[in-house]
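Encoded as structure tokens, the structure appears first; notes follow it.
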Amino acid sequence: MERIDLLVTGIGRLVTPQGNAPRCGQQMKELCEITDAAIAILAGRIVLFGPAQEILDGLAAVEISETIDVGGRMVTPGLVDPHTHLVHGGSREHELALKRSGVPYLEILAQGGGILSTVRCTRAACEQDLYVKALRSLNEMLLNGVTTVEAKSGYGLTVEDELKQLRVAKRLNDTHPVDIVSTFMGAHAVPPEFKGHTEAFVDHIVNEMLPKVAEEKLAVFCDVFCEQGIFSVEQSRRILLAGKHGGLIPKIHADEIEPLGGAELAGEVGAISAEHLLAATDKGLAAMAKHGVIPVLLPGTSFNLGLAKHARARDMIDRFELPVALSTDYNPGSCPTESIQLIMMLASLNLKMTPEEILTACTINAANALGRGEDIGSIEVGKLADLTIFDAPNIAYLPYHFGTNHTFGVIKNGHVIVW
Ligand code: NIG
Ligand code: FE
């Protein structure tokens, strides 16, 4: 090595899960921690990391273009948010009173509100307006320490409006430092023009939407809202298998409200992840463990919907040895927050996850839920230099001191973009 682009020094504590693979069960507690550390970066990737003195000695004869001192702060891998509905029009604060008076989430949707309210706003919005709104949220996520975000469609529900959402996500990926990974979710709700004709809408998704999304290469994943009264297990299977046929990897909103069998379906179709899972049965979790499906838990959603029930993270980790990931589920209805740090607190409070498990869930396991474990999610030689610098003494401080943003800085692809 003759040169490095950036040397990060003054790292009071470097904390990271290890390796590329999802971390299951007990492994979620095992982190690499180095006090007084340094990281050397070349061409956007990590080339060396370890105790500062060792790194500096090793670089004695090497030309260092730039050095930054993070002042004794804590550095972790850049956080990964693997489940968001980032691109959409409008907001739904007008439904707050209804929610507070006890009208259930699915009832608001059945009355033409909920997701369908956002569908109306998204259809009415032009690409530029959607871009500007999503850009603000993406900036907020970045300021929270997030360097990779998944973004779903699903508020267009016509061929053109779904493509419009996905094109906005692509434009964000092309223009913003945060990486965006796109998911096609035409099966998010049945739009008014297909009301009472869900099968015909499934045909439309399979025959009209999916081929266009695949042809334009606008998504990596295909997701379905598999829920009582929305899309059945059979309909979800058809859509996910058709997506798979077109090269889109299955994901699934599964067993959020009713134990419909979405977790079992996730195993059957080889989904990369299954989301929510509040009502998932032991049989469903066993199917996920058998087929390597990553549970993506969304404690902000159960919190914001005021549910007494939460996903069984402890069972998933301790009994089923599943590699739990966490996400905001940022969306205008069930979880209007961009704050992954709030999610960390809720994972501690309501899912009873430890700080070590929470960091693993927000980094390497989240990266694997997006198929990106080779490149991101841990501080490893050869991986992208995506790093979050926290003004916090240790990882337990993040879920402990809540309601504030502890991110001091962010390095993305080896560039300091927040300081
Ligand atoms: O993951 N469950 C379905 N989809 C979203 C909510 C979307 C909305 O309410 O706008 C979720 O919670
Ligand atoms: Fe969601």
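Worth a mention:
- Annotation: the antiparallel percentage among DSSP beta bridges lying fully within the chain is about 45.
- Gyration tensor verdict on region 79-369 (Cα atoms; rounded if a/c is under 1.5, prolate if a/b is larger than b/c, oblate otherwise): rounded
- Relative contact order (percent, whole number), region 123-207, Cα cutoff 8 Å, 6+ residue spacing: 30 percent
- Table column - 3J(HN,Hα) (Hz), region 183-191, Karplus curve with 6.51, -1.76, 1.60, x for Gly and Pro: 10, 8, 10, x, 8, 9, 6, 8, x
- Per-residue ³J(HN,Hα) for region 196-208, Karplus 6.51 cos²θ - 1.76 cosθ + 1.60, θ = phi - 60°, Hz, x for Gly and Pro: x, 10, 4, 4, 5, 5, 4, 4, 4, 4, 5, 8, 10
- Its relative contact order, with pairs defined as Cα atoms under 8 Å and 6+ residues apart, puts the chain at 21 percent.
- Above-threshold pairs, the threshold being 24 Å between Cα atoms, out of LYS251/LYS283; LYS244/LYS383; LYS152/LYS217; LYS290/LYS412; LYS164/LYS195: LYS244/LYS383; LYS290/LYS412
Readers should treat all values here as calculations from the given coordinates under stated rules, not as data from a laboratory. Just so you know, these numbers come straight off a predicted model, no measurement behind them.
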